[in-house]
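Scroll down for the structure; my scribbles are underneath it.
The values are calculated or read from the model by the stated rules, or taken from the named source; none is laboratory data. All figures in this text were calculated on a predicted structure; none of them were measured in a lab. Here the Cβ positions follow ideal geometry from the backbone for every residue, glycine too, while neighbour counts run over all protein chains shown.
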Amino acid sequence: MTDNAGSGVVEVPWNLTVPEADIHLVGYGLRLPNDLTLEALAVLKRCNRVFGIPALHAPEFGLPAMENLYLNYGTDKDRHRTYREWLDLVLDAAATDGPVALATSGSVMVGALVAHRVLEEAPRRGLTVHVTHAASCFDGIWADLNIEPFFGFTVWEATTFVKLGIQPDTSTTLMLPQAPIFDVTTGPDIADGTIRTSTAVAEIRDHLLGYYPPRHQVHFVHTGSGTGTRGFTSTVETLPLAELDHPGRNPLSTLVVPRLTPSTRLDFQRPDTVATKDTVTS
């Protein structure tokens, strides 16, 4: 790729350049198949084994059959035990039958603890790693609420935030992923895909009330994801902080706490309604 003498025009070559590696960490993005990148497709096709969370069935795109790591979850099994199993499986497979891929929804670098463990552990075993980037849930949430993260953004996994007694920076927008499953340690039910929601969300509320007033408006946001029109359908539940005593309607939502003092220079009006043309399928 070359920048044409500073003219602002980037010359893009036809050929795709993807580094070879023992392990490829791949994100699907949010909307399928829309967010699958050329690199993701190329990488997944070249791997001897692909471990999916969840697995994709997409033969029209030439994707190989995937091994479904989602099946390792259990309703009576600690998720961190499952994550350890995934880590060992991927590293062992890469050592004996590479290249392999670990592929996840969204960005493989956001909310995917195992991917970070792979990056940490693989070099110790003499294995190389390449990351294929994709859109994360944060990209969707920033659009849903019209947030510019350059103007102040903090993120903490909800249980970690409360259990460590983190003091929020109230001058930024605070995002608390996994708030609906606060302090839930077990995995989803693989039979129906549901996960137990938290009965202790009030602990998040009580912690936040030490820094924000009771009437401060907070949002449960589930950004659009999945196939078909679901990929373009987001839900936002807004309520006063004082009423935050339930996990919201969707266990995959992120709790968003706007900055304490709004700023006309830093904040933008939320697009409550979005005018769209008819969906075109091609």
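Report yes if residue 220 is within 16 Å of residue 270 (Cβ to Cβ), touching a strand residue (DSSP E or B) at 6+ places or on another chain (Cβ under 7 Å) and surrounded by fewer than 21 Cβ atoms within 10 Å (Cβ to Cβ), otherwise no. So residue 220 fails the test. The one condition from (1) surrounded by fewer than 21 Cβ atoms within 10 Å (Cβ to Cβ); (2) farther than 24 Å from residue 128 by Cβ that residue 45 does not meet is (2). For residue 235, the conditions (1) closer than 19 Å to residue 146 by Cβ; (2) hydroxyl-bearing (Ser, Thr, Tyr); (3) touching a residue at least 24 places away in the same chain (Cβ under 8 Å) are fulfilled apart from (3).
Only one of 263, 225 is of a type in the set (Gly, Ala, Ser), crowded, with 18+ Cβ neighbours inside 10 Å and either closer than 25 Å to residue 74 by Cα or outside the structural domain of residue 56 (by TED's automatic domain parsing) (or both). Can you tell me which? It is 225.
Within the span defined as segment 37-48, one or more residues are among the polar types (S, T, N, Q), under 23 Å from residue 139 (Cβ atoms) and in a loop (DSSP other than H, G, I, E, B). Beta carbons closer than 7 Å, at least 6 apart along the sequence or on distinct chains, pair a first residue in segment 99-126 that is over 23 Å from residue 224 (Cα atoms) with a second that is surrounded by fewer than 16 Cβ atoms within 10 Å (Cβ to Cβ) and among the small types (Gly, Ala, Ser) for 125/95.
When the residues of segment 75-91 are narrowed to those that are over 21 Å from the mean Cα position of the chain (by Cα) and outside any helix (DSSP H, G or I), which ends up surrounded by the fewest Cβ atoms within 10 Å (Cβ to Cβ)? That would be 76. Only strands (runs of 3 or more DSSP E) whose full extent lies in segment 187-274 are considered here, and the ones with at least 3 residues that are within 20 Å of residue 160 (Cβ to Cβ) and under 23 Å from the mean Cα position of the chain (by Cα) are 217-222, 254-257.
Just to be sure I understand, how many residues within segment 156-177 are touching a strand residue (DSSP E or B) at 6+ places or on another chain (Cβ under 8 Å) and not acidic (Asp, Glu)?
Step one: of segment 156-177, the residues touching a strand residue (DSSP E or B) at 6+ places or on another chain (Cβ under 8 Å) are 156-158, 161, 168-169, 172-177.
Now drop any that are not not acidic (Asp, Glu), which leaves 156, 158, 161, 168, 172-177.
So the count comes out to 10.
With respect to (1) under 27 Å from residue 189 (Cα atoms); (2) assigned to a loop (DSSP other than H, G, I, E, B), the lone exception for residue 20 is condition (1).
Mind counting the residues in segment 156-186 that are assigned to a loop (DSSP other than H, G, I, E, B) and surrounded by fewer than 21 Cβ atoms within 10 Å (Cβ to Cβ)? Break it down into steps so the answer makes sense when it comes.
The first filter runs over segment 156-186 and keeps only residues assigned to a loop (DSSP other than H, G, I, E, B), leaving 156-157, 164-172, 178, 182-185.
Narrowing further to those that are surrounded by fewer than 21 Cβ atoms within 10 Å (Cβ to Cβ): 156-157, 164-172, 183-185.
Of the residues in segment 156-186, 14 are assigned to a loop (DSSP other than H, G, I, E, B) and surrounded by fewer than 21 Cβ atoms within 10 Å (Cβ to Cβ).
Could you list all residues from segment 1-42 that are β-branched (Val, Ile, Thr) and surrounded by 17 or more Cβ atoms within 10 Å (Cβ to Cβ)? Once the filter is applied, which keeps residues that are β-branched (Val, Ile, Thr) and surrounded by 17 or more Cβ atoms within 10 Å (Cβ to Cβ), segment 1-42 yields 23, 26, 37.
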